Ligand SMILES: Cc1cc2nc3c(=O)[nH]c(=O)nc-3n(C[C@H](O)[C@H](O)[C@H](O)COP(=O)(O)OP(=O)(O)OC[C@H]3O[C@@H](n4cnc5c(N)ncnc54)[C@H](O)[C@@H]3O)c2cc1C
Ligand code: FES
Ligand code: FES
């Protein structure tokens, strides 16, 4: 069954014809060629695929593309103003050496931004660790990811993002 | 994943019609259980009826002494609801400890109780608070709703529309989460309502169950001391790589005491 689907991705209209079973992450990667969003597992547990749908962080491997009909989707590609000016969360990841292989990073950054906003830019270490429950990293040991998120919260607030 | 016919009805009546007479049609709420199942080809529905577009199914209302939660209401919305936090803080706590933030942003109460995973959290609250499950065709009491492993009183095509929780005088939920999945290895919900004291255990057995001996003891003396010596038998409890039946039986007592202490705070 092919179905037309239309949504906004990073502020721009995006549409296509998909099968009912096409996952949102497949639509992003294979139809739109936006490969920043990763797939790390088959069990909805790793969070490498996290994007924002209508302002909420979701696992795009566990959502059908057709479920995003009419939605506003933000992916890792939609964060930086330019190649020179990263989003404060991306900048904090870079400053704090919060990535090694980088595979988990797009999902980490998307989850982290949602977390900071939901907690009104005020987070402590325990909250950050608990909120990262849905994101797995096999390299860093999380410590620098936690540091980066704690550093990004006030930076996001002053940048107004 | 095998392909299927996808439908996104706008009303409950349309959803019921789409499911009627189709043996292989399945409703979908948050999809956080259904989609992983489809990805593993453990199910092959002919049709998936997405309940996400039905406005009347989502939302939280306080009606008299009850908090009524629509079937399509996401875990994150229950966790952050001022109404739920005000009336039954233990229920908001429970919802806020399901899985991870992304699971809570999609998963729903209707999908969770319809699925009746033995390690799911909500069945504990539904049974301990003696909630009423409303469907498009009728009502089920909590004690009659959960039938066994992944089994409920719902008939084919019957949809959970809302769950009505009576306010509790005292209530708390304590879960010992599986450190990998966050599902309950054992979760105990203790509640004191106008209808009496109830103790519901999830995660430990094939299906949520009540512990009568603890309920009777707590009805006389609502303190953790009252249940300290009440052991539950390991027979019939779940045993897997995460925990033996004996360990789960032990955890029921520990979580029950912690829940009573939390409810008394
Ligand atoms: C990584 C991960 C961790 C998780 N951790 C936990 C946890 O710690 N605790 C916990 O309790 N759960 C956990 N879950 C499960 C999660 O809460 C699911 O959201 C929930 O079990 C199912 O809800 P859903 O809305 O996603 O249902 P769906 O996946 O849409 O549906 C589940 C089943 O119910 C049926 N159904 C859906 N809606 C209705 C309805 N209204 N009426 C009748 N039938 C319906 C469907 O046909 C399907 O069979 C976890 C899930 C994941 C992926
Ligand atoms: S790829 Fe989505 S959670 Fe792992
Ligand atoms: S940096 Fe390699 S998985 Fe996180």
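A short reminder: the numbers here are calculations on the coordinates, not readings from a lab. None of these values were measured; they are calculated from a predicted model. Positions of Cβ are generated from backbone atoms using ideal geometry, with glycine treated the same way; all protein chains shown enter the neighbour counts.
Identify which of A:52, A:97, A:87 has the largest mean-square fluctuation in a Gaussian network model of chain A, with springs joining Cα atoms closer than 10 Å.
Fluctuation is largest for A:97.
Pop the C-beta distance of residue B:223 and residue A:125 into the FRET formula with R0 = 56 Å and round what comes out to the nearest 0.05.
The value I calculate is 0.95.
Under a plain spin-label model, where a point goes 7 Å from the Cα along Cα-to-Cβ, how far apart in nm are residue B:156 and residue A:35?
In this crude spin-label approximation the distance works out to 4.6 nm.
Starting with the fewest neighbours, write out A:139, B:207, A:101, A:46 ranked by other beta-carbon atoms found within 10 Å of each beta-carbon.
Least to most surrounded, the residues fall as A:101, A:139, B:207, A:46.
Mind pulling the angle between the C-alpha long axis of helix B:245-264 and the longest principal axis of chain B? Nearest 10 degrees, somewhere in 0 to 90.
Around 80 degrees separate the two axes.
Starting from the 7 Å offset along Cα-to-Cβ, what nm value, one decimal, do you get for the label separation of residue A:8 and residue A:95?
Going from the residue A:8 label point to the residue A:95 one covers 3.0 nm.
Most fluctuating residue of B:160, B:127, B:48 in a GNM of chain B with Cα springs under 10 Å: which is it?
B:48
Can you grab the distance from the C-alpha centre of the stretch A:93-112 to the C-alpha centre of the stretch A:28-73, Å, no decimals?
17
Normalised by the residues of chain B, what does the relative contact order come to in percent, with Cα pairs under 8 Å and at least six apart?
Over chain B, the number comes to 15 percent.
Please give the Cα centre distance for the stretch B:129-183 versus the stretch B:47-69, rounded to the nearest Å.
Here the two parts' Cα centres lie 14 Å apart.
List the relative contact order of the stretch A:3-161 as a percent without decimals, with contacts defined as Cα pairs under 8 Å and 6+ residues apart.
24
Find how much the distance from residue B:55 to residue B:17 grows on full extension, using 0.36 nm per residue of separation minus their present alpha carbon separation; answer in nm with one decimal.
12.0 nm
Under a plain spin-label model, where a point goes 7 Å from the Cα along Cα-to-Cβ, how far apart in nm are residue B:194 and residue A:81?
5.8
Considering Cα pairs under 8 angstrom that are at least six residues apart, work out the relative contact order of the stretch B:170-264 and quote it in whole percent.
That works out to 32 percent.
Sketch the reach of a paramagnetic label on residue B:62 as a point 7 Å from Cα along Cα-to-Cβ, and name the residues of the stretch B:77-92 whose backbone nitrogen lies under 12 Å away.
Only B:82-89 pass the distance filter.
Arrange the following residues from fewest to most other Cβ atoms within 10 Å of their Cβ: B:185, A:63, B:1.
The fewest-first ordering by Cβ neighbours comes to B:1, B:185, A:63.
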